[in-house]
Amino acid sequence: MEFNDLPEMAETFLKLPLKVDPAKMAKFFNEEAGPVFYLMFGITYECQCSCRHCCTGNYKKEKHRDLTTEEIKDVLDQAAKPLIVNFFGGEPTLRPDLMELIKYAKEKSMYVFTDTNGLAVTKDFAQQLKDSGLDLLYVSIDSPVPELHDEYRGVKGCFDKAVGAIKNALDVGLSCVISTYMTKESLANGDFEKIIQMSKDMGTHGVRYLLPTPAGKWLHETDVLLTPEEKEKVWALTDYPYISRDFYFQTQFSSQCRGVADKVYMYISPYGDVQPCCFMPLSFGNIREEPLKTVLDKMYKHPMYSHECIPNQCPMIDPDFRKKYIENIPDEAKLPYKM
């Protein structure tokens, strides 16, 4: 597999809030890169929250189906040497083997990230994350108003726990970034700017924002999308790299996502489904049934990945893509839908 524009992408990653050795980065891109560049690994659907915008909230949940520790390690072995492994959920901190997985992933990749709602991140837990080798912790803050954040996440006291998690991470020397889900409301009422200021006041390493996307619980709610004028306002507020879009390989000042275009990103669900993205409810195979390389070869040869079909924006907000691949999913189908 070949990645496009590696020098440019390397420059992007050098701006991450991490201790980056340029020589090591260059060696990775030139000699060590495996078949997967950025692996978003969903390790559980379990979560204490019920967020209104959850991107995996409409996936079929079944008890006792999560990949085992050994199955996850086997996938990491098959991925060879990805630049980044991002453990995702659900809520990753609910996996009792999280520290073991971080340690193993760190041996296999350059960087390991994880996302959290912060409910379980005590100072001791934060120290364990750091000792395990975690490079970056994303803590979700959806509103600077505690009551609204709690309402959006469905858990009373969630805001205070998230703030506590940020403080605990910073206290133990763990790089921490606030992750926030952009909405029309938070942009219009100034809450996005307040979250940025909150991040700076707390001394975090940055703010990652996710543009509203008709995916997950919002799969059929295209009215959540920002207008061109609203997007221009977002770009004007973006002080890159301190404030960045949800994935570092994305174009920072447009709606373009290079993940599909450059075949640099993939998502594996807690049950082993291989998907182009966690937002995209389409499965090209399962690692319990086929080797990862076999599934990737099949996925990347699909017409969806041809240059003629790749939109110049996130596929999930592209009308033609949605009409062809999303709107045709039967109402009774389990998600992710098998291609």
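The values are calculated or read from the model by the stated rules, or taken from the named source; none is laboratory data. Values in this document were obtained by computation on a predicted structure and should not be read as measured data. We place every Cβ from the backbone using ideal geometry, glycine too, and count neighbours over all the protein chains shown.
Brief remarks follow.
- Scanning segment 64-120 for residues that are out of contact with any Asp or Glu (no Cβ under 8 Å at 6 or more places or on another chain) and of a type in the set (Gly, Ala, Ser) yields Ala79, Ala80, Ala105, Ser109, Gly118.
- Residue match in segment 31-51 (condition: assigned to a helix (DSSP H, G or I), under 23 Å from Leu174 (Cα atoms), at pLDDT below 95 and not charged (D, E, K, R)): no
- Looking across segment 67-90, just one residue is crowded, with 17+ Cβ neighbours inside 10 Å, at pLDDT 95 or above and in a loop (DSSP other than H, G, I, E, B), and that is Leu67.
- Qualifying residue in segment 161-171 (condition: part of a loop (DSSP other than H, G, I, E, B), loosely packed, with under 14 Cβ neighbours inside 10 Å and at pLDDT 95 or above): no
- Any pair with Cβ under 7 angstrom, 6 or more apart, that starts in segment 290-307 at a residue that is farther than 25 Å from Asp77 by Cα and ends at one that is crowded, with 16+ Cβ neighbours inside 10 Å and modelled with pLDDT of 90 or more: Met304/Tyr325
- Among residues of segment 121-137 that are touching a residue at least 60 places away in the same chain (Cβ under 8 Å), those with a Cβ under 8 angstrom from a residue that is among the small types (Gly, Ala, Ser), sequence gap 6+ or separate chain, pair up as Asp135/Ser175; Leu136/Ser175.
- Across segment 80-122, the qualifying residues are those that are among the small types (Gly, Ala, Ser) and in contact with a Ser or Thr (Cβ under 8 Å, 6 or more places away or on another chain), and the one among them that is nearest to Ile141 (Cα to Cα) is Gly118.
- Each residue in segment 127-151 was checked for being touching a Cys at 6+ places or on another chain (Cβ under 9 Å) and closer than 17 Å to Val172 by Cα, and 4 pass.
- Only listed residue being over 30 Å from Gln197 (Cβ atoms) and of a type in the set (Val, Ile, Thr), chosen from Val139, Val85: Val85
- Looking across segment 192-216, the residues that are farther than 18 Å from Glu232 by Cβ and part of a helix (DSSP H, G or I) come down to Lys194, Ile195, Gln197, Met198, Ser199, Lys200, Asp201, Met202, Gly216.
- Residue in segment 255-275 that is closer than 29 Å to Thr180 by Cβ, crowded, with 20+ Cβ neighbours inside 10 Å, at pLDDT below 85 and aromatic (Phe, Trp, Tyr) present: yes
- When segment 175-202 is filtered for residues that are crowded, with 20+ Cβ neighbours inside 10 Å, under 23 Å from Leu134 (Cα atoms) and hydrophobic (A, V, I, L, M, F, W, C), the ones remaining, listed by number, are Cys176, Val177, Ile178.
- Which listed residue, of Leu226, Leu174, Leu187, is of a type in the set (A, V, I, L, M), at pLDDT below 95 and not in a helix (DSSP H, G or I): Leu226
- Residues that are of a type outside the set (S, T, N, Q) and closer than 30 Å to Asp131 by Cα, drawn from segment 203-217: Gly203, His205, Gly206, Val207, Arg208, Tyr209, Leu210
- A Cβ distance below 6 Å, combined with a sequence gap of six or more or placement on separate chains, defines the contacts here; from segment 178-204, residues that are touching a residue at least 24 places away in the same chain (Cβ under 8 Å) reach residues that are basic (Lys, Arg) in the pairs Ser179/Arg208.
- The condition (being within 22 Å of Leu174 (Cβ to Cβ), at pLDDT 95 or above, outside any loop (DSSP other than H, G, I, E, B) and touching a Pro at 6+ places or on another chain (Cβ under 6 Å)) is satisfied by just one residue among Thr93, Thr114: Thr114.
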